[in-house]
1. Would you work out the relative contact order for segment 3-116, in percent, from Cα pairs under 8 angstrom that are 6 or more residues apart?
2. Fewest to most neighbouring Cβ within 10 Å: what's the order for 70, 35?
3. Taking the number of other C-beta atoms within 10 Å as the exposure measure, put 13, 51 in order starting with the fewest.
4. Using only the Cα atoms of segment 3-116, each taken as one equal point scatterer with no solvent, compute I(q) by the Debye sum, divide by I(0), and report log10 of the ratio at q = 0.21, 0.24 Å⁻¹.
5. Semi-axes of segment 23-83's equivalent ellipsoid from the Cα gyration tensor, sqrt of 5 times each eigenvalue, largest first, rounded to whole Å?
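What follows draws every value from the coordinates through simple rules; no lab data is involved. A quick note: this is a predicted structure, and the numbers were derived from the prediction, not measured. Positions of Cβ are generated from backbone atoms using ideal geometry, with glycine treated the same way; all protein chains shown enter the neighbour counts.
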């Protein structure tokens, strides 16, 4: 599975652990593209969609996840979104994945096809 990642470098863990964590995430075997969220979220989402990934990972906190999801919906994006727990509170990722960290989530997502991730996201 080819996962593109949108990363908010000012969010939670990414801001605290800076480039080392972002480098580790970028080097993950399933990540084939990364785009940093430095301004226009809609433009970053469009740039990621244009790379034709199988899924989009969101590296940030709850606000980043919300902003990317809203931009993806406005862009009629049908790709599965994989929110990673890299913010401060991480309410949505914790509800979805429990205590798994971002690397474990990416490891798990890489074991599924894009269609399987979509079915999992839809609750099937």
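1. On the way: 175 pairs, mean separation 33.7, N = 114.
Relative CO of segment 3-116 lands at 30 percent.
2. Details: 70 13, 35 17.
With the sparsest Cβ surroundings first, the list reads 70, 35.
3. In increasing order of surrounding Cβ atoms, one gets 51, 13.
4. -1.19, -1.60
5. Working: eigenvalues 58, 36, 23 Å².
Whole-Å semi-axes of the equivalent ellipsoid: 17, 13, 11.
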